Amino acid sequence: MGDQNQTRLKSGLGDKPESLRQDLDESKDRLKTLLKSVSDAVIIADIDGTIETYNNAAQTLFGFSADEVLGKSVTKLMTPFDAGRFDKYVERFLKSDSTEIISHGPKEVVVGHKDGSSTLVELTLAELANDNKCLFMAVMKDINDRGPSLEDIHKIADHDPLTGLYNYNYLKMELGRVMERRKRREGKPSALLYINIDRFKFINDTMGLDAGDSVLVAFGKKIKQRLRGSDMAARLSGDEFAVLIYNTTEALAEYTGNEFHKFVTKDLVEYEGKKITLHCSIGITLIDGKTDTLGDVLNNAMDACKRAKNLGGNCVMIRQ
């Protein structure tokens, strides 16, 4: 790795006079003194991962003293996943033209502690050029106790907290976008599957609300497992779910609805030693640009689901 390292040095001082060497040593000492008082954890290591600088905040974050890590590999402080891929990370960096390993700003990562616990940190990692060596400086800010980020707020606003699926508000926004594209004759039709768990009230009444929540979580998980990466799913309210299928036809939408039905109802859900059978009714409507309003799309899918219920439930109906 040493030959590769030479290709990445940003500057070299060659045969430095003794006075310049002394200045560099003093600069290193001043840097170490400065880093002692920094509140963020700072680690400086060479291209092979050998730790050269490890400040007081890093000792607090990782639980290892400076004596335990200085001169050792930085993989000692990594999660097993990252430690096992350290050489690949370095190789990828050496082949790039970037002067930063993380070129798009700080990244949230999980780091381990000596006692086996873990901490979420905001990591900034950049390359340094010093004393004819290629060094890397990692700055880590503990964000376990921070307030919610903008991304967190958006996720809370768009997702159902129980199942992790999108919520009703987000589904309505996405349906609006789909309908606008179809009115402009862009892309193929889409389809909405309205899914309702059969006899869910009976589960709540006889086994309790916690059992009902377990069923909802399990049902949402099954939907996610069957979902194509290009489609989306949402929990609307209570025992009501929806799946939005893009680029489809009426026949394919009906086939997909039946496949969802078979998949989500094939296994029992266990709760406190009891096994619960899942049944559901699914109503399907095509979004082909002919439907006037968002309300019409939702009502058409719900009406198809009601027809399935009226036939005894646990089946799939498509609105003709």
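Computed from the coordinates by the stated procedures, all read-outs in this text should not be read as laboratory data. None of the values given here were measured: they were computed from a predicted structure. Note that each Cβ is placed from the backbone with ideal geometry, even for glycine, and that neighbours are counted across all protein chains shown.
With both residues required to sit in region 150-318, DSSP beta bridges show an antiparallel share near 85%.
Pairs to check: Lys221/Lys274; Lys172/Lys309; Lys224/Lys290; Lys221/Lys290; Lys172/Lys275. Give those whose C-alpha atoms are more than 31 Å from each other in this structure.
Lys221/Lys290; Lys172/Lys275, as the Cα separations exceed 31 Å there.
A P(r) calculated from all alpha carbon pairs of region 176-320, with 10 Å bins opening at zero, reads 12, 42, 31, 12, 3, 0 percent. The ellipsoid that matches the Cα gyration tensor of region 261-311 has semi-axes, each √(5λ) in whole angstrom, of 32, 11, 9, with the longest given first.
The GluC sites (Glu not before Pro) of region 156-243 that meet both conditions, a loop assignment by DSSP and at most 13 other Cβ atoms within 10 Å of the site Cβ, are Glu186.
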